[in-house]
């Protein structure tokens, strides 16, 4: 069994003695894991990250990050972690490389090593060409990549990513996730990530937790959560009338069959049953005129857990920062 | 801690150098105060040459003019008197408004990225002070040059040398650093630019007007004079004037200067400590 690199026990954050932002959550993350932390706006994601990265005090409970108690040894935690905040904090007026070198200096990396590491990261994130340009000339995707590089300059053990793909177009977003996957698989960096894009969390994260109203509602492997929600639905439209519902029901892994006219709605425990179903249909002398397979998505899991109500709360009431963020991403 | 402070200060100064227009507001302020406000008033011009039809003798007029000038610390004209005051005003305003960048750094999340890095809170605070200090002192030197270049502008006393010049800016340096620490710590404590501006207006103007920056203490009512006499702005302005108006200082003037400098050193130290304590509180985890 691998080492636990992040451990939270009954972690609670109460702001101003009354607002419970995080309400006694417990979880642990293994070294090398890519852990997705999901939840609607105002659920407590950013507050949790703030506690784990020493930016917010812990009201009660305990967090151990990279082997250090966050409350007792914040400076050791700061050395071990890299932070990529939701905001774009790279300095507009400075060049890309200068931003990286400044961050290296603040992590006390010797000059030569800093230059080398900066070049490596710039080439990994395909920013070499822009290294000598002021950040204000960057596109939204380039800014996000630079932000990632800044969080990585000191080779942290754990990387915290708060909505790293927010506001990016689909191509750039996929590219970003490819980088994150690379860092996790190739460099063995443990990644703690929050995101709104569930299909990405699904394809990328080893494990996820869904938080709402400061409480972790579920956590586990994405596949496990989806199958808990219910199986795959196969919809078949057949021609030439004979009822084969009974035949279908007898197939292993077919949970339920519903017939409406010529349309069969078949609930499957596992998709392994598909070939047998097709066989049954053809053996019965029937023809398939339409076929549709719906797998449960993480979106459905998410909506089932967090409900359908819209969340209007802005994250920290800091609308100015939000506006600037949107402006910079344009 | 020292290298972190320098790295962060360097970041801000690099941005400043890349944007030369940033010194324009400070420079305009110096020019307007000195060239327009300073030129429009000269105490010796108030001295009449005749009183109710009776011509005064030129010798008497000169005597009155001399007396008038000595009220203004012996300055040859009002600009010579005013330069020290304008520099004091400029450094205070620059340190105060420099805090806007600090508030914006917080709003943009930049401050959080510093707070989650392994650097001391003292570095964050002192770099905030230091970056504005360098900018303010640069504009202060520019203001001095403007004053010298103006027609009928600043006239230094005979024997004014490099040491005098350095002395002037050591006095202002201490003043700038002290108030800088205070304003910077206030900026770290705030989340809105509006509140900072309100505090600046509340603090900066009384600080300058309750001192001998613009007018000599001799013209003040007793209550205001008592406050002005202990105001560090007065100490710095008077010290600078001593050094500007009198090239070579007498023993008495030297000891006045030494007393003022000591006062300013204590002032700067105390405000650095207070400022740091306020900032440390403001930079705590939320």
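Return yes or no: is residue B:237 within 19 Å of residue B:91 (Cα to Cα) and either out of contact with any strand residue (DSSP E or B) (no Cβ under 6 Å at 6 or more places or on another chain) or surrounded by 17 or more Cβ atoms within 10 Å (Cβ to Cβ) (or both)?
Criteria met by residue B:237.
Of the residues that make up the stretch B:181-188, is at least one surrounded by fewer than 17 Cβ atoms within 10 Å (Cβ to Cβ) and away from chain A (no Cβ under 14 Å)?
no
Which condition breaks for residue A:307 when tested against (1) modelled with pLDDT of 65 or more; (2) farther than 22 Å from residue A:202 by Cβ; (3) loosely packed, with under 14 Cβ neighbours inside 10 Å; (4) more than 14 Å from chain B (Cβ to nearest Cβ)?
(2)
May I ask you to list the residues in the stretch B:1-41 that are assigned to a helix (DSSP H, G or I), over 20 Å from residue B:101 (Cα atoms) and within 14 Å of chain A (Cβ to nearest Cβ)?
Result: B:2, B:3.
Tell me the residue from A:268, A:298 that is modelled with pLDDT of 70 or more, in contact with a helix residue (DSSP H, G or I) (Cβ under 8 Å, 6 or more places away or on another chain), over 21 Å from residue A:251 (Cα atoms) and surrounded by 15 or more Cβ atoms within 10 Å (Cβ to Cβ), please.
A:298
If I go through the stretch B:118-131 residue by residue, how many of them are more than 18 Å from residue B:186 (Cα to Cα) and buried (at least 22 other Cβ atoms within 10 Å of the Cβ)?
The qualifying residues number 1.
For the stretch A:207-242, enumerate the residues that are in contact with a strand residue (DSSP E or B) (Cβ under 6 Å, 6 or more places away or on another chain), farther than 17 Å from residue A:290 by Cα and assigned to a strand (DSSP E or B).
A:207, A:208, A:209, A:210, A:215, A:216, A:217, A:218, A:219
Just the residues that are in a strand (DSSP E or B) and away from chain B (no Cβ under 14 Å), please, taken from the stretch A:32-68.
Passing the criteria: A:34, A:35, A:36, A:37, A:38, A:60, A:61, A:62, A:64.
Among the residues of the stretch A:248-301, what is the count of those that are part of a loop (DSSP other than H, G, I, E, B) and touching a residue at least 60 places away in the same chain (Cβ under 8 Å)?
Adding up the residues that qualify gives 3.
Could you grab me the full set of residues in the stretch B:34-61 that are free of Cβ contacts under 8 Å to residues at least 60 places away in the same chain and surrounded by 13 or more Cβ atoms within 10 Å (Cβ to Cβ)?
B:37, B:41, B:42, B:43, B:44, B:47, B:56, B:61
Evaluate the following for residue B:141: is it surrounded by fewer than 17 Cβ atoms within 10 Å (Cβ to Cβ), in contact with a helix residue (DSSP H, G or I) (Cβ under 8 Å, 6 or more places away or on another chain) and in a helix (DSSP H, G or I)?
yes
Could you tell me which residue of the stretch A:75-91 is surrounded by the most Cβ atoms within 10 Å (Cβ to Cβ), considering only residues that are free of Cβ contacts under 8 Å to residues at least 60 places away in the same chain and more than 7 Å from chain B (Cβ to nearest Cβ)?
In this case the residue turns out to be A:77.
Return a yes/no flag: does the stretch B:153-163 have any residue that is in a helix (DSSP H, G or I), more than 13 Å from chain A (Cβ to nearest Cβ), under 24 Å from the mean Cα position of the chain (by Cα) and surrounded by fewer than 17 Cβ atoms within 10 Å (Cβ to Cβ).
Looking for residues that are in a helix (DSSP H, G or I), more than 13 Å from chain A (Cβ to nearest Cβ), under 24 Å from the mean Cα position of the chain (by Cα) and surrounded by fewer than 17 Cβ atoms within 10 Å (Cβ to Cβ), one finds at least one in the stretch B:153-163, hence yes.
Check residue A:108 against each of (1) within 9 Å of another protein chain (Cβ to nearest Cβ); (2) under 25 Å from the mean Cα position of the chain (by Cα); (3) on the phi > 0 side of the Ramachandran plot and name the one condition it does not meet.
The failed condition is (2).
Name the residue, out of B:88, B:76, that is at pLDDT 95 or above and either outside any helix (DSSP H, G or I) or in contact with a helix residue (DSSP H, G or I) (Cβ under 9 Å, 6 or more places away or on another chain) (or both).
Within the list B:88, B:76, the selection yields B:88.
Mind checking whether some residue in the stretch B:87-101 is within 14 Å of chain A (Cβ to nearest Cβ), touching a residue at least 12 places away in the same chain (Cβ under 8 Å) and on the phi < 0 side of the Ramachandran plot?
Yes, the conditions are met somewhere in the stretch B:87-101.
Report yes if some residue within the stretch A:18-25 is more than 14 Å from every other protein chain (Cβ to nearest Cβ), crowded, with 21+ Cβ neighbours inside 10 Å and in a strand (DSSP E or B); otherwise report no.
Yes - at least one qualifying residue is present in the stretch A:18-25.
The values are calculated or read from the model by the stated rules, or taken from the named source; none is laboratory data. The shown structure was predicted, so the numbers you read here are calculated from the model rather than taken from an experiment. Using ideal geometry, Cβ is built from the backbone for each residue, glycine included, and neighbour counts are taken over all protein chains shown.
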